[in-house]
1. Taking the condition of being within 14 Å of PRO435 (Cβ to Cβ) and either at pLDDT 95 or above or not in a loop (DSSP other than H, G, I, E, B) (or both), how many residues in the range 490-521 meet it?
2. Look at the range 152-161 and say how many of its residues are within 29 Å of LEU55 (Cα to Cα) and either among the acidic types (Asp, Glu) or surrounded by 12 or more Cβ atoms within 10 Å (Cβ to Cβ) (or both).
3. Could you go through the range 276-283 and let me know if any residue there is touching a residue at least 60 places away in the same chain (Cβ under 8 Å) and assigned to a helix (DSSP H, G or I).
4. If I ask for residues that are part of a helix (DSSP H, G or I) and surrounded by fewer than 20 Cβ atoms within 10 Å (Cβ to Cβ), which ones from the range 234-262 would you list?
5. Find the helices (runs of 4 or more DSSP H) located wholly in the range 324-410 whose residues include 2 or more that are touching a helix residue (DSSP H, G or I) at 6+ places or on another chain (Cβ under 9 Å) and either of a type in the set (Gly, Ala, Ser) or at pLDDT 95 or above (or both), and list them.
6. Pairs only if they're at least six apart or on different chains, beta carbon under 8 angstrom, first in the range 499-512 and in contact (Cβ under 8 Å) with a residue 24 or more places away in the chain, second of a type in the set (Phe, Trp, Tyr) and part of a helix (DSSP H, G or I); list them, first residue then second.
7. Within the range 32-86, track down each residue that is among the polar types (S, T, N, Q) and touching a residue at least 60 places away in the same chain (Cβ under 8 Å).
8. Please pick out the residue among VAL185, VAL218 that is in a strand (DSSP E or B) and either closer than 25 Å to ALA329 by Cβ or of a type outside the set (Phe, Trp, Tyr) (or both).
Amino acid sequence: MTTRSTVRDDSGDDTAEPAEVTMADRLAVLREKQAAAHASGGPEGLRRHRESGRLPVRERIELLVDSGSWFEIGALALPELRREKPIPGDAVVTGFGLLDGRRIGVIGIDSSVVAGTTAPISMRKQGRLIEHAQRHGFPLVLLCDADGGRMPDVSGWRFSGLPLDFTTFLKPPPGEPVVPRAAAVLGPSYGDSALHASTAHFVVMVRSGSIALSGPSVVEPAIGEKVTDTELGGPAAATEAGNAHLVVETEADAMDAIAAFLSYLPQNSTLTPPLAPPRPPARDPRELESIVPLGPRSGYDMRDVFACIADEASVLPWADGWGPGLLCALARIEGRPVGLIGNQPIVRAGALEPPTLAKERTFVKLCDTFGLPLVFLHDVPGLMIGTQAERGGILHGYEGLVSAIAEATVPKVGVVLRKAYGGGHFAMGGRPTKPDFLYAWPSAELGFMAPETGIRTIHRRRLERVLAEEGPEAHAALVAELTEEWISEAEPWEAAAHLSLDDVIEPARTREVIATSIEIASGGFA
């Protein structure tokens, strides 16, 4: 195919013979533009980017997707407001790839050029990728590393007209399936990079990363607070706030974590989670008899219990730094993906606080959305009380959590290991939240509140009278007597007799009982 154009000959005659433009000429133009699009910030921008310890965006994508599977769209995009210095792709790379053989969509911010800042074209480009992932039903991976909005591209009237559709940018349109979203915070991530991360079901960050609504360059002139990236949104701040679920050392580790997270989930909420070959647990389940001490005040690490129940090398922690008195993790039991929820006795005895309730509710919704059975391991003294808890919104947090558990349609199995008191028991999937199966160990204690609190609340006047009339020794003897009575009422035998529990089981059988219960609650399918 050829076209013709008029050219001047050496004599300057405008009526010279037309010259032919070939497809080879057009391809040469295309390849030149493609090379420019792949140049990112150019040699100098890429050099500075690497010196900061960060990888270029396309190298990040190569670490993430299966070799040879990358399919890019929108590479030739350019900003509405053109500058003397080019901004290839409008500082964002979008496309599709395979991750462990499954299709994903990827948005990678290119912070080697104009600090990865956002402008209308880059936002429209991201929106199209999100639309594809949601419409066609596959996971979305967000590689975050941006310094917020670009000026003057988003200033004045332009900001109001940004192509940002919150019915699709943040979540699927009504009636469409939910797709898993995973985000990696790989550098300073502000503005829409932070917004992306806030929509993700899993956020992993490198230790040098930070995430916040606005960066230090905006915070100081706006409110006079001088703060560093790390102080504002580094790993400690991000995990405590629940903005990041896992912190890793390198960008390669971050991509591995995203691959691990997605391996537990289906491509979208209409499909079933993928099964894996069953593997034995990392620790012998018989060790549970010694891992969990009988004394209600003795501490132990709930991670050790997880290791006796889950398949080896299958436990992926989820937000350990957010509400650390409760552990959540994705795992497999006999090859089936599950969500593990367990109180952490070495952190405030495992009592549930406002951040803990928010964390558990978010995790329950994640598992319920994508069809992962929920496993609750109870060792909870109750809900935190007092002015700090109330001002933190514990009442609303509690109501929201128990409603979320009760409304979840996935299989729910609970085991009371040691203590399960008051609202804490219900917040861990107790009987009123409609678990499919609820079990207890012989060491379990259940009731409205712990003995030491209960007897001093209910028998306060009697205890005060005995102390005043008969002295400290009589008072101590009455406390011991009432405590023994309380504990005998709290033991699991009467609960099992009245079918508040489905059974009392030996600790060594916990993994087996959970696996079989999930199979039954799933309709009998292994």
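1. Count: 10.
2. Of the residues in the range 152-161, 2 are within 29 Å of LEU55 (Cα to Cα) and either among the acidic types (Asp, Glu) or surrounded by 12 or more Cβ atoms within 10 Å (Cβ to Cβ) (or both).
3. Among the residues of the range 276-283, not one is touching a residue at least 60 places away in the same chain (Cβ under 8 Å) and assigned to a helix (DSSP H, G or I), which makes the answer no.
4. Scanning the range 234-262 gives ALA236, ALA237, GLU240, ALA252, ASP253, ASP256, ALA259, ALA260.
5. 354-369, 394-407
6. VAL504/TRP493
7. Within the range 32-86, SER40, SER52 qualify.
8. Criteria check complete, one pass: VAL185.
The values are calculated or read from the model by the stated rules, or taken from the named source; none is laboratory data. Predicted model only: the values in this text are computed from it and were never measured. No Cβ is skipped: glycine too gets one built from the backbone with ideal geometry, and neighbour counts run over all protein chains shown.
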